[in-house]
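Report on the following structure.
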Ligand SMILES: [Zn+2]
Ligand SMILES: [Zn+2]
């Protein structure tokens with residue numbers, strides 16, 4: 001299994017002083033023998049190469065703009081005709097189609113993406129679970145985020161990863177999350193804030209780096225990667241914060257980097 005970080009920044013793209021950790025918004029690519037799974041299509045999606053040899057699936061955690069805004073900026077999706085499956089456990093297929101179509105048409109976007117790209121196949125989450133069951137196990141976990149967000153775990157090729165964006169961690173999630181990520185080789189965690197910043201940003205739906213470290217130490221996982229990095233955080237500030245992480249399992253996501261496990 002491979003996980004590539006195409007968009008590590010939260011909320012809004014940030015090109016200033018983010019060249020090392022990355023300025024694109026949320027997009028992650030998980031590759032197994034059979035599938036290419038794209039987790040969210042923030043601006044990082046423009047750097048994804050659609051794999052002609054695998055079944056491509058886009059899974060949305062939720063529909064805040066930083067998780068969808070890159071969809072039509074991957075020009076590869078205009079030049080190929082193989083199906084790309086799109087689903088979310090937060091919305092059934094027709095609601096999902098309407099959400100994406102509304103954002104990318106009319107007064108918001110020059111073309112009607114959903115009408116023009118007929119090979120974008122909107123699906124119910126249950127259908128995608130069935131499709132992937134040939135070689136993988138796909139599970140979902142309800143996160144704590146305004147208007148909702150769904151986490152995912154993917155098991156395939158004898159490996160497991162979990163994606164927990166966006167989430168404002170609460171202690172009552174602990175038992176459920178520990179079970180959800182159990183045995184994972186890699187967990188992606190929304191660590192947008194520090195604990196002291198969270199006092200101001202409570203209710204915006206994001207967690208802290210300190211919580212990431214505490215969780216990583218409790219969980220039966222190999223590593224945890226903090227991502228959805230704050231747009232106000234420079235590379236140098238992240239370097240300094242990296243020194244204060246209290247778990248050796250934890251690191252910051254770095255855009256364009258790929259983990260293989
Ligand atoms: Zn977000
Ligand atoms: Zn969000």
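Read the figures in this text as sums done on the coordinates, not as results from a lab. All values reported here derive from a predicted model rather than from experimental measurement. Positions of Cβ are backbone-derived with ideal geometry, glycine not excepted, and every protein chain shown enters the neighbour counts.
Below, the figures for the structure above:
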{"read-out": "C-alpha long axis of helix 93-103 to longest principal axis of the chain, angle in °", "value": "80"}
{"read-out": "Distance between modelled label sites at residue 33 and residue 2, nm, 7 Å Cα→Cβ extension", "value": "1.6"}
{"read-out": "The stretch 1-57: relative contact order in percent, alpha carbon pairs under 8 Å with at least 6 residues between", "value": "33"}
{"read-out": "Nearest-ten-degree value, helix 209-218 long axis tilted from longest Cα axis of the chain", "value": "90"}
{"read-out": "Spin-label pair residue 75/residue 244, simplified geometry with 7 Å Cα→Cβ offset, distance in nm", "value": "4.3"}
{"read-out": "Additional length obtainable on full extension of the chain from residue 220 to residue 19, 0.36 nm per residue less Cα span", "value": "69.1 nm"}
{"read-out": "Cα-based equivalent ellipsoid of the chain: semi-axis lengths in Å, sorted from largest, via gyration tensor", "value": "28, 21, 17"}
{"read-out": "Cα-projected label distance for residue 119 with residue 200, points at 7 Å along beta-carbon direction, nm", "value": "4.6"}
{"read-out": "Bridge type composition, the chain - antiparallel percent by DSSP, nearest 5", "value": "50"}
{"read-out": "GNM flexibility winner over the chain from 243, 101, 36 (Cα, springs under 10 Å)", "value": "243"}
{"read-out": "Cα gyration tensor, the stretch 95-224 - rounded (a/c under 1.5), prolate or oblate", "value": "oblate"}
{"read-out": "Segment residue 257-residue 12, length gained on full extension (0.36 nm per residue, minus Cα span)", "value": "86.2 nm"}
